[in-house]
Amino acid sequence: MTSTDSSIVQSATGHADPGGARLGRRSLLAGAGGAAAAAGFAAPAIGQTAHTWRMVTSWPANAPGPGTSANRLARRIGALSGGRLTVQVYGAGELVPAFETFDAVALGNAEMAHTASFFWAGKVPAAPFFTAMPFGLAPHEHDAWLHEGGGQALWDDLYRPHGLKPFAAGNSGMQMGGWLNRAVDGLDDLQGLVYRMPGLGGAALERLGVTTVALPPGEIFAALESGVIDGAEFLGPWSDLAIGLDQAARYYYWPGFHEPNGSAECLVNLAAYQALPADLQELVAVACEAEAFRGLAEANWQNAAALARIRSGDVAVALKRYPDTVLEAVRVATQAVLDEQAAGDAAFRDILDSYRAAQAALKPWSRLTLSPMIASDAA
């Protein structure tokens, strides 16, 4: 890590080592989040127009993982533009609620958002493809689809009617399967389970007797601790431990079948983007691409460290693997959900066809090169 990257992480999280200590829930929910992200840059040269954008996020301010990515993206844009484009970051609820960032940017009430595309399944059914799909593409495969397989063009077309330009900007990597207060040893144990899981993974579980709920990240802990829900997934162990989920559940399940990838979504108001000079448009695109890489590297490193804490006994939670019978049933249910959605939605069908073609092209290479290097029974 360079000294510049280190200062960005320290400013974003309040800790020089964001994986070394739990952030209290109060500190996650408090503070301006990214007000400082717009400060400290050289004044634009005479004759150059300075732009100030507001970034609204779906994350508690400074939340390790996605909050870190949002703050770092804002700082990078400001630094690389020499102050010509500065971005002020607002955590969930500071300017708009977590699940209203899409509309806020579409309406021009903010110029930018940092969020996840599966939150918009209700209004744009195909949106979840661009964060994660159950049993879908892994992070390196997802990037290949976006940049080489036509995925970005499909994403642009999907969001253009809403006045939005989307980018991948951060990645929480492969997810864990979630936190539960009752064991899932077979399909019968899914009956009546109340579970926080957004996206198409949740839709597949509902076919197996699970009741799924959509909760913003900042509300997961309270709902799980109070028993309003029986279980919840968020991200990986780094971000999950930081919001205290190990204090609210007995079991931590793997694998994260519902999110084998975790691309964060940067939404930009299309009119605001097109009003920028060409070099600043390119700068925003490149900064988002850089954060997609940087966020994934950080998540992999910090998740590995957090997993080591769990395995050492420092975190009192039991790691458990979902039974094969459950995974296979969810896989079958997922394909049924996808096919039904595609039958009634042309945009969904086109994106699904592209996505499946990318899987068919990429999975043989991943199996040949990666699978032999990883023990199949390792947690």
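The values are calculated or read from the model by the stated rules, or taken from the named source; none is laboratory data. Bear in mind the structure is a predicted one, so any value in this text is a computation, not a measurement. Positions of Cβ are generated from backbone atoms using ideal geometry, with glycine treated the same way; all protein chains shown enter the neighbour counts.
Summary of values
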read-out	value
Test result for Ala121, touching a residue at least 60 places away in the same chain (Cβ under 8 Å), aliphatic (A, V, I, L, M) and either under 14 Å from Gly67 (Cβ atoms) or in contact with a Gly (Cβ under 8 Å, 6 or more places away or on another chain) (or both)	yes
Any hit, the range 209-216, residues being outside the structural domain of Trp59 (by TED's automatic domain parsing), touching a Gly at 6+ places or on another chain (Cβ under 7 Å) and not in a strand (DSSP E or B)	yes
The range 119-137: number of residues that are farther than 22 Å from Trp365 by Cα and surrounded by 22 or more Cβ atoms within 10 Å (Cβ to Cβ)	5
Top-ranked residue of the range 338-372 - restricted to ones that are in contact with a helix residue (DSSP H, G or I) (Cβ under 8 Å, 6 or more places away or on another chain) and among the small types (Gly, Ala, Ser), ranked as surrounded by the most Cβ atoms within 10 Å (Cβ to Cβ)	Ala358
Unmet requirement for Val228, which otherwise passes all of (1) within 29 Å of Ala308 (Cβ to Cβ); (2) not in a helix (DSSP H, G or I)	(1)
Qualifying residue in the range 162-174 (condition: at pLDDT 95 or above, surrounded by 21 or more Cβ atoms within 10 Å (Cβ to Cβ), in the same structural domain as Thr86 (by TED's automatic domain parsing) and part of a helix (DSSP H, G or I))	no
Enumerated helices (runs of 4 or more DSSP H) restricted to the range 271-379, each holding at least 2 residues that are outside the structural domain of Gly231 (by TED's automatic domain parsing)	278-312, 346-369
His140 being surrounded by fewer than 23 Cβ atoms within 10 Å (Cβ to Cβ) and over 18 Å from the mean Cα position of the chain (by Cα)	no
Condition check for Ala347: in contact with an Asp or Glu (Cβ under 9 Å, 6 or more places away or on another chain), touching a residue at least 60 places away in the same chain (Cβ under 8 Å) and among the small types (Gly, Ala, Ser)	yes
Of the criteria (1) over 23 Å from Phe119 (Cβ atoms); (2) modelled with pLDDT of 95 or more, which one Tyr273 fails	(1)
Among the residues listed as Ala232, Ala287, Ala204, Ala299, the single one being in contact (Cβ under 8 Å) with a residue 24 or more places away in the chain and more than 28 Å from Ala318 (Cα to Cα)	Ala287
